[in-house]
Amino acid sequence: MTTSSTPQPAVDTLEDREGTAFAWYTTLSLKGRRAFKGAFLGYSLDSYDFWVLPLSLVAIAATFNLGTAQTGLLATATLVFSALGGIAAGILADRIGRARTLMVTVVTYAVFTALCGLAPNYETLLVFRALQGLGFGGEWAAGAILVAEYAKARHRGRAVAMIQSSWAIGWGLAVVVYTLLFQFVDQDLAWRVLFWTGALPALLVIYVRRNVTDAPIFTQMREETGRASTTAIFRGGLARTTFFATVLATGVQGGYYTLATWVPTYLKTERGLSVIGTGGYLTFLIAGAFSGYLTGGYFTDKIGRKKTFAIFSLLSGVLILLYTQLPASADGYVMFLGFPLGFTSSAIFSGFGAFLSELYPSGVRGTGQGFTYNVGRGVGAFFPTVIGYLATTYSVGGAMAFGALAYGLAIVALLGLPETRARELS
């Protein structure tokens, strides 16, 4: 008599999921996935609230009769205060936890973005935009660390890079809303409405409050050792790390915010594009940015953090020169150059969350990451203002070439930093 055995269903194990294309996500715990969703949404909406300013600069300048130096100062004020917000959020993340800090930052950037739309004059707008920067800078510091502490070491680069990729989603959403508003609403009102839509991210706090908790590695550290001194990042071996990581962040963000602030104005004033035309050019730039975030995360896990930074910094410097210096007869080429420019300038950022998290121990991880990334952002913020002043003499396109120098600074900074690929968090 023969018997037949019923095949047993395959059991999904962590080992099975390790080799899949989405292992960076599937190997996260349930709480880790919830944290990922909260951080992903938080950063995409953070991006949306940032981009409403660069997209509105021409309309704001017309409303308040501003020059390029004054409009550049709006961007710089945002970034300088975002540096302060990022440092404060890093310290808060080590003090009150990553999830609670995430909620504080989201509410801050949402409220002050909406208030910008009510500004009666340039001075009030400058103050509100600066205060919006406090939340804008803090959100990434909290969200990136939260996900990095849940992720497996071998997949951390890709997991945190996916958080970074949400920047392109928020950017794209802002361009869509901007294009629709400025097509059907007078620009004096359209830019205000665009800012008012920035209040919607505050709803995300409800999800975070109900579903997101800090990673076990952080809660266990707090139970065993208590709070670490925030000055530890300036002592011993961490002091060298803090210095060079800050220089790296300065270079990368100085170059990036040159593009973020001035490309829309450059396309309108020197390429002579309409709102629809500008949206078309930005589509290539944003598509490249999203692809760059994803690809950069892959490279950081495969060839290492430092090599990825170096390769994409070099390419970004070259491409920003080509994008701004090609003659008017090459407009078609400039449009298509937006894809590789967006790709390389964004791929650099893919490794930042993982790299900075791996450079510091749990007790000062928030402080270290918040300080280095955001002081770099604050110093890099002066690039848009410098370009605004240079534009009065050399044109916007000519002045933007200055931003390419920032990427050289980033490459030099790598000489003082260690490789941390696949490093277990302590």
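In whole Å and largest first, what semi-axes does the C-alpha gyration tensor of the chain yield when each eigenvalue is scaled by 5 and square-rooted?
36, 24, 23
Hey, can you rank 210-218, 60-68 by average C-beta count inside 10 Å, highest first?
Numbers: 210-218: 18.1, 60-68: 16.3.
In descending order of packing, they fall as 210-218, 60-68.
Taking other Cβ within 10 Å of each residue's Cβ, how do LEU203, LEU259, LEU414 sort, fewest first?
LEU203, LEU414, LEU259
Quick one: among THR179, THR393, THR71, which has the greatest mean-square fluctuation in a GNM of the chain with alpha-carbon springs under 10 angstrom?
Of THR179, THR393, THR71, the Gaussian network model singles out THR393 as fluctuating most.
Along the Cα→Cβ direction, 7 angstrom out, place labels at ILE303 and ALA199. What is the inter-label distance in nm?
Going by the 7 Å Cα→Cβ label model, 4.8 nm.
I need the fraction of alpha carbon pairs in the range 74-127 separated by more than 15 Å, rounded to a whole percent.
55
Can you give me the Kirkwood hydrodynamic radius for the range 138-185, using every pair of distinct Cα atoms, in Å to one decimal?
12.5
Based only on Cα atoms, what Rg/Rh ratio does the range 156-266 have, Rh being taken as Kirkwood's radius? Don't skip to the end; give the middle numbers.
Working: Rg = 20.4 Å, Rh = 18.7 Å.
Reported Rg/Rh (Cα atoms, Kirkwood Rh): 1.09.
Quick one: order ILE96, ILE311 by neighbouring beta-carbon count within 10 Å, fewest to most.
Listed from fewest to most nearby Cβ atoms, that is ILE96, ILE311.
What is the dipole size for the range 18-166, taken about its Cα centre, with +1 at each Lys and Arg Cβ and -1 at each Asp and Glu Cβ, in debye to the nearest 20?
So the magnitude is around 660 debye.
What's the percent breakdown of Cα-Cα distances in the range 18-104 across 5 Å bins, shortest bin first?
3, 11, 14, 16, 15, 12, 11, 8, 5, 3, 1, 0
Under 22 Å from the Cα of LYS307, which lysines turn up, not counting those fewer than eight places away in the same chain?
Counting by Cα, and skipping residues close in sequence, LYS307 has these lysines nearby: LYS152.
What are the equivalent ellipsoid semi-axes of the range 305-426, built from the alpha-carbon gyration tensor (square roots of five times its eigenvalues), in whole angstrom, biggest first?
Numbers: eigenvalues 202, 58, 22 Å².
After scaling each eigenvalue by five and taking roots: 32, 17, 11 Å.
Per the helix-only calculation at 222 nm, which mean residue ellipticity applies to the chain, given -39500 (n - 2.57) for every DSSP H run of n ≥ 4 and division by its residues, nearest 500 deg cm²/dmol?
The helix contribution divided over the chain gives -26500 deg cm²/dmol.
Sort ASP301, ASP94 so the one with the fewest other Cβ atoms within 10 Å of its own Cβ comes first.
The most exposed by this proxy come first: ASP301, ASP94.
Any read-out appearing in this document is the output of simple, stated calculations on the displayed coordinates, not a laboratory observation. Being a predicted model, the structure only gives us computed values, none of them experimental. In this analysis, Cβ positions are derived from the backbone assuming ideal geometry, glycine residues included, and neighbour counts consider all displayed protein chains.
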